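Take a look at the structure below.
Throughout, read-outs are computed from the coordinates displayed, never taken from laboratory work. Because the structure is a prediction, the values reported are computed rather than measured. Backbone-built Cβ (ideal geometry, glycine too); neighbour counts: all protein chains shown.
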Amino acid sequence: MRGLLLPLLSGVALLAAAAFATLAGDAYALRLATTLCLYIGLASSWNVIGGFAGYPSFATAAFFGIGAYAGSVLQAGYGVAAPLAWLSGGIVAALLAAGLGYCILHLRGHYFAIASLVVADVLREVANSWISLTNGGMGISLPLLSIGVEDQARLYFWVFGAVAALSVAAAWLVDRGRLGFALRCVEQNETAALMLGVDTRRAKRAALVLSSLAPGIMGAVYASWVSYIDPTDAFDVLLSVKPIIMALLGGVGTVAGPVFGAAAFLALEELFWRNLLELHEGALGLLVVLLVLFLPGGIRLVRPRRLLAFRPLAKPGRTP
Amino acid sequence: MTPALSDASSTVFRDPPLLELRGATRRFGGILALNDVSLSIGKGEVVGLIGPNGAGKTTFVNVVSGLVRPDAGQVLLEGRRIDGLPADRIARGGIARTFQVVQPFPRMSAIDNVAVGAMFAGGIGDPAAARHEARELLAFVGLESVQDRPAAALTLADRKRLEFAKSLAMKPRFLMLDEVNAGLNAAELDSALELVARVAGTGITILLIEHLMKVVRRACPRTVVLHQGRVLADGPTAEILADPRVVDAYLGVRDRARRPGIEPRRDLA
């Protein structure tokens, strides 16, 4: 029952946000709702490799950035239509993930995290230096869509919303199926999984590729949305960190966790931005530390009585 | 090459043994954990593997199951080489094992733990059907009352039985039970041995890795003794356990009193 209820609730919440944003017609609300969809897509995708499989990937920025560049180069350089360019962003990111899977998925724990973190840095330098393709540090300006400003804002909301919904649906399907089983085995005891016949290498590669699709597409859509990208913006390390915080907030390894986590994170981000402009990143950092220390299972595990007693919750034990 | 020739000639006259090791060797640093071990086990046999701590028993299991590659030598399942294959392929090929230190998926229910074996090696692709099969196996090993609990919440004896059920779910042809009986009390031991006998009755070939000699004597017609990585003795259990070399290697000459879990000499005769 639990498996069905939470995704349903998430869907309803998403629809409510959509209705609110489009009906209100308020540019700020629409921008918030669009960002929420972006965050849900990134967090839900990260959760497939980071939550289900327990492989702490910091490669989201790499997938997002390479998707953004693929989409931008195709549109600005070759005049490819926007929807096709957006899809290509996802395909290029998936190809990167497939290659990456062969190289770094045999690493475990911190080693995997560090290896995945470096990928975005390498790609940023490539984007900086390959001037003939990417225009280097000057960045790429994208052609604007020939529709009104408000219609554009609404269009991007629906596109991000569709990608977010698809990535949540994909996570839900993975969770219920054989792949989800295999990934949970990998997360809880990889050696035992091998001994029971689970092809852990293939399962992990599939998870990494699945977790790259939505970020790649969203990177390309994002580039069109803001109509200009440069290497620093496209491969921003915060794109890797934020989805992890969201998943931690909402509950790692659950389908609905990243959805709620993304909403909670966005709310906190807005709060910090407005009230602590200079310190907001410091405040976010503090939040991460508190989360990891006291709520490794996410806010869904908060029990008021336990909060009063002020004891760290039991960490979900990981076997080596 | 000659091995290929001898393969061909032997298959002409009889079926290859279910499992065969030819000169399997594995080194860890300066220690030869397995030293030129050659052994064959026929279909349907129940064989005991004993030896003192550090004799290489667990390395043997790890080499056969593919968790560790042999540095030299070959491992063959029904005449086909399996050494060097990924461990999960060997598992799907019909070799199951349990771990001396139980290795459950701690936050999965007992049912799901067993269903994994059915789904990925037992040929039942559908999760619902695999869970159904898992329920039957849990009943077979006597765990139906705790089937929905997470594995981490089970007692040690129950987790040992869970390991057993997981390996049975794989529908193996060859099953290695690595000290499934360690840490069990007398009553638990009796029921565990009865399970082994029932599984052997279904035709699954079993290698019982043991520390307790009385277990081997009760369950295994044939026993192999490993000592310092070598096969010290191999034959009918009663003869092996009476062999003075085995007694010396197993108990040491002097420090028998200091080894808990090993029975006094009078029990060997």
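Tabulated data for the structure shown
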quantity: Expected 222 nm ellipticity per residue - DSSP helices of 4 or more, -39500 (n - 2.57), all of the protein assembly as shown, to 500; calculated: -18000 deg cm²/dmol
quantity: Inter-label distance for residue A:81 and residue B:152, nm, one decimal - labels placed 7 Å from Cα along Cα-to-Cβ; calculated: 5.2
quantity: For A:157, A:272, order by how many other beta-carbon atoms lie within 10 Å, fewest first; calculated: A:272, A:157
quantity: Selected from A:50, A:173, A:90, residue furthest toward positive end of dipole (region A:2-237; charges at beta carbon); calculated: A:173
quantity: Residues A:110, A:280, B:227, B:132 arranged by fewest to most Cβ contacts within 10 Å; calculated: A:110, B:132, A:280, B:227
quantity: Total formal charge among the other residues, if their Cβ is under 15 angstrom from that of residue B:135, Lys/Arg +1 and Asp/Glu -1; calculated: -2
quantity: 10 Å Cβ neighbours from other chains, averaged over peptide A:182-195; calculated: 6
quantity: Label-point separation, residue A:26 to residue A:152 (7 Å along Cα→Cβ), nm; calculated: 2.3
quantity: Relative contact order, percent, region A:168-270 [alpha-carbon distance under 8 Å, six or more residues apart]; calculated: 18
quantity: Between region A:99-151 and region A:204-229, the alpha-carbon center distance in angstrom; calculated: 10
quantity: Calculated P(r) tail over 31 Å for region A:2-237, as whole % of Cα pairs; calculated: 25
quantity: Quarter of Cα convex hull surface for the protein assembly as shown, i.e. mean projection, nm²; calculated: 33.9
quantity: Ranked list, fewest to most other Cβ atoms within 10 Å of each Cβ, for A:63, B:120; calculated: B:120, A:63
quantity: Charge dipole magnitude, Cβ of K and R +1, D and E -1 - region A:2-237, Cα centre, debye nearest 20; calculated: 760
quantity: Per-selection metrics, region A:45-86 (Cα): Rg and Dmax in Å; calculated: 13.8, 40
quantity: Chain B, relative contact order in percent, only Cα pairs under 8 angstrom and at least six apart counted; calculated: 23
quantity: Calculated log₁₀ intensity ratio I(q)/I(0) where the Debye formula runs over C-alpha points of chain B, q = 0.07, 0.08, 0.13, 0.17 Å⁻¹; calculated: -0.25, -0.33, -0.88, -1.39
quantity: Positive minus negative residues near residue B:24 (Lys, Arg vs Asp, Glu; Cβ under 12 Å); calculated: +2
quantity: Shape call, region A:207-280: gyration tensor on alpha carbons, a/c limit 1.5; calculated: oblate
quantity: About the Cα centre, charge dipole magnitude for the protein assembly as shown (Lys/Arg +1, Asp/Glu -1 at Cβ), debye; calculated: 1460
